[in-house]
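Here you go, one structure.
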Amino acid sequence: MKIELAKNYGFCFGVKRAIKIAENSAGSKDSTSATIGELIHNSLEINRLKDNFRVKTLKNINELTDEKRAIIRTHGITKGDLERLKTTGIEVIDATCPFVTKPQNIAEKMSNEGYEIVIFGDINHPEVRGVMSYSTKPVHVVLSQEELAGAKLPQKVAVISQTTKKIEEFMTIVTHLMQRVKEVRVFNTICNATLENQEAVRELASKADVMVIIGGKNSSNTKQLYLIAKNLCKDSYLIESQNELNSEWFKDKKICGVSAGASTPEWVIQNVIKELENIDKICNS
Ligand code: F3S
């Protein structure tokens, strides 16, 4: 069986940057840093940062105790939390991905100019909650055009997307808004890393017999990769580590495609590939 990696996969620029920032924040032995919310959506990498760099993960700013530094996660936090944090006197290190800061700034600027904000995204996702908090006007968060159907819309809206969403679905929302609202300002805030990883999965899944997507099960961009793969290759599996691989999946398969979400560490990917090679030797030789 040929094991083939997607042309683009794994850590994106924003995650690499956040991890570097967290590692550099480690400081001396007795001083700890804490991230507000999970720095990235990958529990294995979060544990590595805790064990090797004394970077704790807190649920919210109320859990801060004697930490010296607070690190803002890649998905950002709400404007209110950021302002509260700054009043505590703790050193604030911002690891928000610049691709997330962008929609935050757009929401603030456009709402100040009188536009209501439409966000294509998941209202429960921390990135979306953060972006919403920057708007000074009502915000409509939707996952489909159907959800907009009942919404009372003004004559001016600005539409943005959660960074990890699919462009085709974003365009459906935009088209729907164009038909209902006089002035629609469109900002494509889907990040390129996501698009490149998605494009590469599409290419690989269309020729593979089996696809393995590696990443956190709570990671939105990993789930997107999995859905794209599954659409083109019915034998597609989403796993967090090599321990979840099942040799049955690979029997008589010729090409096994592998990809990983934007917050999946390279060492996790390499462990999966090693295990796939072992399985191949046992099953297919
Ligand atoms: Fe940033 Fe895009 Fe990664 S938003 S955290 S570069 S997936």
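Just so it is clear, none of the values below were taken in a lab; they were calculated from the coordinates. Just so you know, these numbers come straight off a predicted model, no measurement behind them. With ideal geometry, Cβ positions are generated from the backbone for all residues, glycine too; neighbour counts draw on all protein chains shown.
Taking the alpha-carbon centroid of each part, what is the distance from the range 1-26 to the range 84-142 in angstrom?
About 24 Å separates the Cα centre of the range 1-26 from the one of the range 84-142.
Additional query: How far is it, in nm, from the label point at ALA149 to the one at THR101 when both lie 7 Å from their Cα along the line to the Cβ?
With each label point 7 Å from Cα toward Cβ, the separation is 4.1 nm.
In the range 44-195, what % of DSSP beta bridges are antiparallel (nearest 5)? Let's see the in-between values first.
On the way: 0 of 17 bridges.
Antiparallel bridges make up about 0 percent of those DSSP assigns within the range 44-195.
Please state the relative contact order of the range 35-173 as a whole percent: Cα pairs under 8 Å, 6+ residues apart?
21 percent
Roughly how far apart, in whole Å, are the Cα centres of the range 33-70 and the range 177-215?
Answer, in whole Å: 30.
I would also like to ask the following. What percent do you get for the relative contact order of the range 34-100 when only Cα pairs under 8 Å and 6+ apart count?
35 percent
Among 240-247, 137-144, 226-233, how do they line up by average Cβ neighbours within 10 Å per residue, starting with the highest?
Details: 240-247: 14.6, 137-144: 17.1, 226-233: 19.5.
Highest to lowest by the protection proxy: 226-233, 137-144, 240-247.
Sort the following peptides by mean Cβ neighbour count (other Cβ atoms within 10 Å, averaged over residues), highest first: 105-113, 177-185.
In decreasing order of mean packing, 105-113, 177-185 become 105-113, 177-185.
Convert each backbone phi in the range 225-233 into a coupling constant with the Karplus relation 6.51 cos²θ - 1.76 cosθ + 1.60 (shift: θ = phi - 60°), then list the ³J(HN,Hα) values in order as whole Hz, x for Gly and Pro.
4, 4, 5, 5, 4, 4, 5, 9, 9
Right, something else. When a footprinting reagent is the concern and you count Cβ atoms within 10 Å, what order do LEU39, LEU58 take, fewest first?
With the sparsest Cβ surroundings first, the list reads LEU58, LEU39.
Here's a follow-up. Quick one: net charge around THR96, please, counting Lys, Arg +1 and Asp, Glu -1 for every other residue with C-beta under 11 Å from its C-beta. Write down the numbers at each step before the final one.
Working: positive: ARG17, ARG73, LYS102; negative: ASP94, GLU127.
Result for the local shell: +1.
Under 5 Å between amide H atoms, partner at least 5 residues away or on a different chain: which partners does SER236 have, H built in plane at 1.01 Å?
MET211
Report the relative contact order of the chain, percent, no decimals, based on alpha-carbon pairs under 8 angstrom and at least 6 residues apart. List each step's numbers first, then the result.
Working: 550 pairs, mean separation 60.3, N = 285.
Value for the chain: 21 percent.
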